[in-house]
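The values are calculated or read from the model by the stated rules, or taken from the named source; none is laboratory data. Everything numeric in this text was worked out from a predicted model, so none of it was measured. Quick reminder, even Gly has a Cβ in these numbers, built from the backbone with ideal geometry, and neighbours come from all protein chains shown.
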Amino acid sequence: MTTHSDEHYYVPHGSHWPAVGSLGLLFLMVGVSSWLNGAGAGFYIMLTGVAIIIFMITGWFAAVIGESESGLYNTQVDASFRQGMFWFIFSEVMFFAAFFGALFYARNMSIPWLGGESNNFFTNLLLWEGYESTWPTNGPGNIGGEYETMPPFGLPLINTALLLTSSITVTIAHHALIAGKRTQLSIFLAATFLLGFVFVYLQGVEYIHAYQDLNLTLSTGIYGSTFYMLTGFHGMHVTIGAIMLTIIFFRVLKGHFTTDKHFAFEAVAWYWHFVDVVWIGLYVFVYWM
Amino acid sequence: MTATTVDTNAADHDDHDHGPTKGIGRWLFSTNHKDIGTMYLIFSLLMFFIGGSMAMVIRSELAVPGLQFVHPEFFNSMTTMHALIMVFGAVMPAFVGLANWMIPLMIGAPDMALPRMNNWSFWILPIAFGILLSTLLMPGGAPAGGWTMYPPLVLQTGDAFPFLIFSVHLMGLSSIMGAINVIVTIINMRAPDMTLLKMPMFVWTWLITAYLLIAVMPVLAGAVTMLLTDQFFGTSFFLAAGGGDPVMFQHIFWFFGHPEVYIMILPAFGVVSEIIPTFARKKLFGHDSMVYAASCIAFLSFIVWAHHMFTVGMPLTGQLFFMFATMLIAVPTGVKIFNWIATMWRGSMTFETPMLFSLAFVFLFTIGGFSGLMLAIQPADVQYHDTYFVVAHFHYVLVPGSVFAIMAGAYYWLPKWTGHMYNEKIGKLHFWTSTIFVNLTFFPMHFLGLAGMPRRIPDYSTQFTDFNTIASVGAIGFGLSQLIFVWVLLTAKKGETATDRVWEGSHGLEWTVPSPAPWHTFTTPPKARIANESFE
């Protein structure tokens, strides 16, 4: 009989964190919903939910990090985490696919049809007379009023450069980790999350510019809808990724991770490459083409 | 259905707790796949009765023409809520419960791969359905625009609207986490010599189902998020004046929705593929072809979604493509049906309750499959669309399909869970009443639909009266029949003690552990010899 050996898959004791998470989700969802329905108290219920969820995430990850550092995870547990992260990222890809799908459907189907293409001559004549399909558009109803589009070669190009650079720095950091060069690791990891936060900051600047100077808002027809929902969800993911990179940075400073065991680092690096790839899709299809 | 505290494997492990803790903490904080499986199953049974009582309201109202019991608006809420609860609350969690209980036992794993996340997957569900059910009491009533949530109709929902959206988000979150857990468990936790093609069919079908879940639940989340922003934040996804299109919602929704119907039937195929060989006392005919057929069905499920939308206006090429792609699904499904029949061919069959439910499944699911082929024919669908023929079709594949398979699985594995044989006489009574009444309910709906009776309307023309009355009698009978199942469960531990193998013809790793299955099983992977014996 083996005791505490690598043969045993670590099955944790009962954990209260999932239940705390469910409670947080209850407060969050009920809060947001009643707030949207116009009940002012909903806002505070929502904040309570957010606080509970942050508490849950912190506690849950702290427990997992503690278990990992005390050597409870064998290679099989490590493989479970890896595969779990892979499928989680796949689910995120499909979430973005829904919004890209909406963008492509609008551009290639619904807008040309509103302009009378295919067999929609009478739709155009009777409902939206004189509307010519173009892209970008805020639709035949001119929803949101006159606007200007976001030019692709200003801030968005800088942001593209920032994100692509950060993907390189995180890879350099990874190689440094494998080679045991901790200083190089810390420097390039710091560079990565700083580039990430600068990206988010510039995205904020771009939004303010769009709202104040271009009259390009969430309500600017289908162009505004797809522009803000795609870049908005992407920006949210960059923010989450940058926060995760920051936590990994502090774990590096605390001496966590070895040259051959550093799943958390890799998981965050994968996530970072994922938001990078989504951005390339965004830059090409939302800003540029 | 409660797991036991007996722990015969206690000597084999030392790095986790030896038995369940006492009190509510055992369930609330559980990381044990058997306890979590039990909770899933009990939850889904509860939802089955809540959703079922809504069906009783619908059928009572439709028993005779005219309006008798409820307002039309409430009737619409009932059809909407019945569907949401049955799909997301009853059928899906029941299969996840079976997966939780049986997959680790079938592949020789100590637990699910990510036990804490497993707990969270479950405990999100009571929150999600608590929120959804609370909409019944809200100003404007519960959602009444149909479970498909088509805009612009769904945007007329009252205060319930954001609660509907967020409860759907929560159901998706739960499903995605559950599916990730299933995939990782199957890929990473199998006994060392269990190669992929040696896996039992239930494990295989769940692997494919979990892949479908991860691929499409986020798309549903995207679709309902767009509804939310259209309603509250001024976006124009589904507003033609802004360049959007209400039909776009239908495309995104059904890109989720069609794989979703296979999510509800593939695990049923798996359950039946376990049961028929046991009671025919033969190996499953064409195991590998079953795997390929299920994979084909999963692939095809991604390219057929617009057959739900043949009447909304689509280019002709689109209609032709979706029609032919849909018909193609009959090929792999036919492979499965014929394989089950071939498994029974010249077998020495006995007809215990699980086998009866499985046989009824094969026969009645096929009826649902054939009406599906009729609906796939685009020119004919223009006539059938939104009639009771569609209702008959999807209830045939879901009730004597998915639900019967769940019942079959419950009877089949109940002795492994409780350590006692259920009462076979009562089980058979449950089967026969269910089978007679389910046909009485749904078969006449074919005729109603072909004669032109529309769905989702609380009143109808008097020529439809006879078949509607018959269907209502059948529905009440079917609903009452399910109380027999509760009786079976309540007396489940009173029967004779079950052996480890339980059934004479059973095969597979789950039958090598004691009945009832100890709280911890396979803390070390099963030995090659044992494992090999059980695969053959």
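Scan the range B:137-162 for residues that are more than 15 Å from B:MET78 (Cβ to Cβ), part of a loop (DSSP other than H, G, I, E, B) and within 27 Å of the chain's Cα centre (by Cα) and the total you get is 4.
Close contacts from the range A:72-94, counting a first residue that is touching a residue at least 40 places away in the same chain (Cβ under 8 Å) and among the charged types (D, E, K, R) and a second that is surrounded by fewer than 20 Cβ atoms within 10 Å (Cβ to Cβ) and in a helix (DSSP H, G or I), with Cβ to Cβ under 7 Å and a gap of 6+ residues or different chains, come to A:ASP78/A:PHE263; A:ARG82/A:PHE263; A:GLU92/A:PHE274.
Any residue that is free of Cβ contacts under 8 Å to residues at least 60 places away in the same chain, closer than 30 Å to B:PHE279 by Cβ, more than 14 Å from chain A (Cβ to nearest Cβ) and more than 25 Å from the chain's Cα centre (by Cα) - is there at least one of those in the range B:511-521? It would help to see each step written out before you state the result.
Initial filter on the range B:511-521 (free of Cβ contacts under 8 Å to residues at least 60 places away in the same chain): B:512.
Next cut, closer than 30 Å to B:PHE279 by Cβ only: B:512.
Restricting the remaining residues to those that are more than 14 Å from chain A (Cβ to nearest Cβ) gives B:512.
Applying the additional criterion that residues be more than 25 Å from the chain's Cα centre (by Cα) yields B:512.
So far as the range B:511-521 goes, yes, one or more of its residues are free of Cβ contacts under 8 Å to residues at least 60 places away in the same chain, closer than 30 Å to B:PHE279 by Cβ, more than 14 Å from chain A (Cβ to nearest Cβ) and more than 25 Å from the chain's Cα centre (by Cα).
Conditions tested, residue by residue: (1) modelled with pLDDT of 95 or more; (2) surrounded by fewer than 22 Cβ atoms within 10 Å (Cβ to Cβ); (3) at positive phi.
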{"site": "B:ASN9", "(1), (2), (3)": "no, yes, no"}
{"site": "B:HIS18", "(1), (2), (3)": "no, yes, no"}
{"site": "B:ILE24", "(1), (2), (3)": "no, yes, no"}
{"site": "B:ILE36", "(1), (2), (3)": "yes, no, no"}
{"site": "B:LEU46", "(1), (2), (3)": "yes, yes, no"}
{"site": "B:ALA63", "(1), (2), (3)": "yes, yes, no"}
{"site": "B:GLN68", "(1), (2), (3)": "no, yes, no"}
{"site": "B:SER77", "(1), (2), (3)": "yes, no, no"}
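The set of residues in the range B:482-525 that are assigned to a loop (DSSP other than H, G, I, E, B) and hydrophobic (A, V, I, L, M, F, W, C) comprises B:ALA492, B:ALA498, B:VAL502, B:TRP503, B:VAL513, B:ALA517, B:TRP519, B:PHE522.
Table: residues versus (1) assigned to a helix (DSSP H, G or I); (2) farther than 18 Å from A:SER167 by Cα; (3) basic (Lys, Arg); (4) out of contact with any Pro (no Cβ under 7 Å at 6 or more places or on another chain).
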site: A:LEU230; (1), (2), (3), (4): yes, yes, no, yes
site: A:MET236; (1), (2), (3), (4): yes, no, no, yes
site: A:ILE248; (1), (2), (3), (4): yes, no, no, yes
site: A:ARG251; (1), (2), (3), (4): yes, yes, yes, yes
site: A:THR259; (1), (2), (3), (4): no, yes, no, yes
site: A:TRP270; (1), (2), (3), (4): yes, no, no, yes
site: A:VAL275; (1), (2), (3), (4): yes, no, no, yes
site: A:ILE280; (1), (2), (3), (4): yes, no, no, yes
site: A:TYR283; (1), (2), (3), (4): yes, no, no, no
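Return the residues of the range A:149-169 that are surrounded by fewer than 20 Cβ atoms within 10 Å (Cβ to Cβ) and part of a loop (DSSP other than H, G, I, E, B); say none if nothing qualifies. Scanning the range A:149-169 gives A:THR149, A:PRO151, A:PRO152, A:PHE153, A:GLY154. Scan the range B:65-78 and tell me whether some residue there is among the β-branched types (Val, Ile, Thr), touching a residue at least 40 places away in the same chain (Cβ under 8 Å) and within 14 Å of chain A (Cβ to nearest Cβ). No, the range B:65-78 has no match at all.
Let's see how each residue does on (1) within 14 Å of chain B (Cβ to nearest Cβ); (2) closer than 19 Å to A:ILE172 by Cβ:
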{"residue": "A:PHE188", "(1), (2)": "no, yes"}
{"residue": "A:SER225", "(1), (2)": "yes, no"}
{"residue": "A:ILE240", "(1), (2)": "no, no"}
{"residue": "A:PHE274", "(1), (2)": "yes, yes"}
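Residue check: A:GLU146 meets all listed conditions (1) of a type outside the set (A, V, I, L, M, F, W, C); (2) crowded, with 16+ Cβ neighbours inside 10 Å; (3) part of a loop (DSSP other than H, G, I, E, B) but one, namely (2).
Mind telling me which of the residues A:VAL200, A:VAL205 ends up being more than 15 Å from the chain's Cα centre (by Cα), under 20 Å from A:PHE153 (Cα atoms), more than 14 Å from chain B (Cβ to nearest Cβ) and assigned to a helix (DSSP H, G or I)?
On the way: A:VAL200 fails: more than 15 Å from the chain's Cα centre (by Cα).
Going through A:VAL200, A:VAL205 in turn, the sole match is A:VAL205.
Is it the case that the range B:116-123 has a residue that's at pLDDT below 95 and small (Gly, Ala, Ser)? No, that holds for no residue.
Just one of the listed residues (B:VAL203, B:VAL224) is touching a helix residue (DSSP H, G or I) at 6+ places or on another chain (Cβ under 6 Å), under 30 Å from A:GLY141 (Cα atoms), in a helix (DSSP H, G or I) and more than 9 Å from every other protein chain (Cβ to nearest Cβ), and it is B:VAL224.
Here B:GLY146 passes the criteria (1) within 14 Å of another protein chain (Cβ to nearest Cβ); (2) on the phi > 0 side of the Ramachandran plot except the one numbered (1). For the range B:430-458, filtering for residues that are crowded, with 17+ Cβ neighbours inside 10 Å and of a type in the set (A, V, I, L, M) leaves 5.
Being more than 11 Å from chain A (Cβ to nearest Cβ), within 30 Å of B:LEU98 (Cα to Cα), at pLDDT 95 or above and touching a Pro at 6+ places or on another chain (Cβ under 6 Å): is that true of B:TRP254 here? Here the answer is no, as B:TRP254 does not meet what is asked.
For the range A:174-190, the count of residues that are part of a helix (DSSP H, G or I) and either closer than 27 Å to B:TRP254 by Cβ or under 20 Å from the mean Cα position of the chain (by Cα) (or both) is at least one.
If you scan the range A:100-148, which residues turn out to be touching a Phe, Trp or Tyr at 6+ places or on another chain (Cβ under 7 Å) and at the interface with chain B (Cβ under 7 Å from one of its Cβ atoms)? A:ALA102, A:ILE111, A:LEU114, A:THR137, A:ASN138, A:PRO140 - these are the residues of the range A:100-148 that are touching a Phe, Trp or Tyr at 6+ places or on another chain (Cβ under 7 Å) and at the interface with chain B (Cβ under 7 Å from one of its Cβ atoms). Of everything in the range B:330-382 that is loosely packed, with under 14 Cβ neighbours inside 10 Å and polar (S, T, N, Q), the residue that is farthest from B:ASN439 (Cα to Cα) is B:SER348. In summary, B:SER236 fulfils each of the numbered conditions (1) within 7 Å of another protein chain (Cβ to nearest Cβ); (2) in a helix (DSSP H, G or I); (3) surrounded by 23 or more Cβ atoms within 10 Å (Cβ to Cβ) with the single exception of condition (2). If you check A:PHE188, A:PHE193 for being crowded, with 20+ Cβ neighbours inside 10 Å, in contact (Cβ under 8 Å) with a residue 40 or more places away in the chain and out of contact with any Gly (no Cβ under 8 Å at 6 or more places or on another chain), only one passes: A:PHE193.
A quick yes/no check of all residues on (1) farther than 18 Å from B:LEU227 by Cα; (2) without any contact (Cβ under 8 Å) to a residue 24 or more places away in the chain; (3) polar (S, T, N, Q); (4) within 13 Å of chain A (Cβ to nearest Cβ):
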{"residue": "B:PRO104", "(1), (2), (3), (4)": "yes, no, no, yes"}
{"residue": "B:PRO115", "(1), (2), (3), (4)": "yes, no, no, yes"}
{"residue": "B:SER121", "(1), (2), (3), (4)": "yes, no, yes, yes"}
{"residue": "B:ILE124", "(1), (2), (3), (4)": "yes, no, no, yes"}
{"residue": "B:ILE127", "(1), (2), (3), (4)": "yes, no, no, yes"}
{"residue": "B:LEU136", "(1), (2), (3), (4)": "yes, no, no, no"}
{"residue": "B:GLN156", "(1), (2), (3), (4)": "no, yes, yes, no"}
{"residue": "B:MET171", "(1), (2), (3), (4)": "no, no, no, yes"}
